[in-house]
Amino acid sequence: MSTHAQAVPHRYPNASKSHVPARAVKLGPVSVAPPDRARSTQVSKVGLRDICLSYRTQTGERLLALDHINLEVRAGEFLCIVGPSGCGKSTLLHLIAGLQAQTSGEVLIDGRPVEGPGTDRILIFQEHGLFPWLTVAENVEFGMKMKGVPKTERQEKMRHYLRLVHLAKFERSYIHQLSGGMRQRVAIARALATEPDVLLMDEPFAALDAQTRDLLHDELERIWSETGRTIIFVTHNVREAVRLGDRVVLLTFRPGRVKTEFPVSLPRPRALEDPEVALAARAVLDELRDEINRSLEAEYSAGVKPHIEPGDHA
Ligand SMILES: Nc1ncnc2c1ncn2[C@@H]1O[C@H](COP(=O)(O)OP(=O)(O)O)[C@@H](O)[C@H]1O
Ligand SMILES: [Mg+2]
């Protein structure tokens, strides 16, 4: 079994006609599907058709943020989206969540156009948005209560999902009594308890320390495999994307377009430090670097000093 990343560029069938077509680059052994967890089907769950989005800036100009995005996400697929900061990753999730409307194009869920938020989709982000005045149990029950789920059923589900994230013992705790990783697991339990088909995750682990993030990767992969949900996971961390995704989609710097797709066929479970994961991540990173350079050039030419943290290296 080859462990080398395979670079097999070919045209992406849905790529926009008017733009440079996205490519697909296969990562990992070509013919080996994840053996025990190949649950992702061929049925389209989320369809993005020619999505464009532009904003009006304060000076009245229009800024094109998303440019002819075409993407099909299969039911049960774990899709990761990477791209430089400001390329429109969060915006894309907001469109799928129905929290914002595109300028043109269509977002489809099960073939039907999205017309606003729905209980079939849920967005989880870095600031987990838990209520500090409620207990863990009450936080998890909150969405169900809003949906009018009867109390007994609510409590059963709350216990089920807290067990799933290994927090059964913390039902009565308040949020401030939990660590960052535990809070994010409560947020995941709360999201799952509303039983959405699609989980939209916007850099959910970016603020966590490395060990906690590793644990949450394992938990999320297990939960995904046990519940069969479709996950669209945005991250700027390429290794995290390869660790988790069935496929990694790379967006270009402004305007955001699908540049390359990387199907990842490495067997699961994976670990961040697996050499195959590192090798596959390198292929993604090589292409991402071009986009980061473009974003830096844009910052320079706009006369904005790039923000460089101590310890940053090129
Ligand atoms: N409400 C808004 N008004 C104007 N521009 C916006 C607004 N929201 C986002 N943008 C711009 O759209 C682009 C994409 O933003 P975003 O989706 O947050 O990027 P990412 O999540 O990839 O960092 C950025 O250039 C950002 O400045
Ligand atoms: Mg963002």
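Quick notes on this one:
- Compared with the dominant principal axis of the Cα atoms in the chain, helix 180-193 is inclined by about 80°.
- Once the chain from Glu115 to His160 is taken as fully extended at 0.36 nm per residue, the excess over their C-alpha distance is 13.1 nm.
- Acute angle (nearest 10 degrees) that the helix 210-227 long axis makes with the longest principal axis of the chain, alpha-carbon atoms: 80
- Most simply put, the chain has about 50% antiparallel DSSP beta bridges, counting only bridges with both residues inside it.
- Computed label-point distance, nm, for sites Phe125 and Arg282 using a 7 Å Cα→Cβ extension: 3.6
- Label point distance in nm, Glu299-Lys147, each placed 7 Å from Cα along Cα→Cβ: 4.1
- When shorter helices are ignored and each DSSP H run of at least 4 residues is given -39500 (n - 2.57), the per-residue value for the chain at 222 nm works out to -10500 deg cm²/dmol.
- The aspartates and glutamates within cross-link reach of Lys145, meaning a Cα-to-Cα straight distance under 19 Å and a gap of 8 or more places when in the same chain, are Asp120, Glu153, Glu156, Glu171, Glu195, Asp197.
- Sequentially through segment 100-112, phi angles give Karplus couplings (6.51, -1.76, 1.60; θ = phi - 60°) of 8, 10, 6, 6, 8, x, 9, 9, 10, 10, 6, x, 10 Hz, Gly and Pro residues having no value and appearing as x.
- Relative pair counts by distance (%), Cα atoms of segment 149-195, 10 Å bins: 28, 57, 14, 0
- Max mean-square fluctuation residue, GNM over the chain, Cα-Cα springs under 10 Å, options Pro84, Pro117, Pro132: Pro132
- In terms of its alpha-carbon gyration tensor, segment 100-166 comes out prolate; a/c meets the 1.5 threshold, and the first ratio a/b outweighs b/c.
- Note that segment 156-173 has calculated 3J(HN,Hα) couplings of 4, 5, 4, 5, 4, 6, 5, 5, 4, 9, 6, 10, 4, 6, 10, 3, 8, 6 Hz, one per residue in order, obtained from phi through the Karplus relation 6.51 cos²θ - 1.76 cosθ + 1.60 (θ = phi - 60°); glycine and proline are x.
- Nitroxide proxy distance, nm - points 7 Å out along Cα→Cβ at Asp290 and Leu215: 4.0
- Here His217, His176, His68, His160 are placed in order of increasing Cβ neighbour count within 10 Å, fewest first, which gives His176, His160, His217, His68.
- Taking other residues whose beta carbon is less than 10 angstrom from the beta carbon of Asp274, and scoring Lys, Arg as +1 and Asp, Glu as -1, yields +1.
- Mean Cα-pair separation over length for segment 136-179, i.e. relative contact order, pairs under 8 Å, 6 or more apart, %: 50
- Under the convention that each Lys and Arg Cβ holds +1 and each Asp and Glu Cβ holds -1, the size of the dipole of the chain around its Cα centre is about 520 debye.
- Taking every alpha-carbon pair under 8 Å whose residues sit at least 6 apart, the chain reaches a relative contact order of 25 percent.
- Under 5 Å between amide hydrogens, built in the peptide plane, is the criterion, and for Leu66 it picks out Leu53, Gly256 among residues at least 5 positions away or on other chains.
- The Cα center of segment 186-238 and the Cα center of segment 90-158 differ in position by 14 Å.
- For the chain, built as a Gaussian network whose Cα springs stay under 10 Å, the top-fluctuating residue of Thr260, Thr252, Thr41: Thr41
The numbers here are math on the coordinates, done by the rules we state, and not lab data. Computed from a predicted model, the values in this text were never measured in an experiment. Cβ: placed from backbone, ideal geometry, glycine included. Neighbour counts: every protein chain shown.
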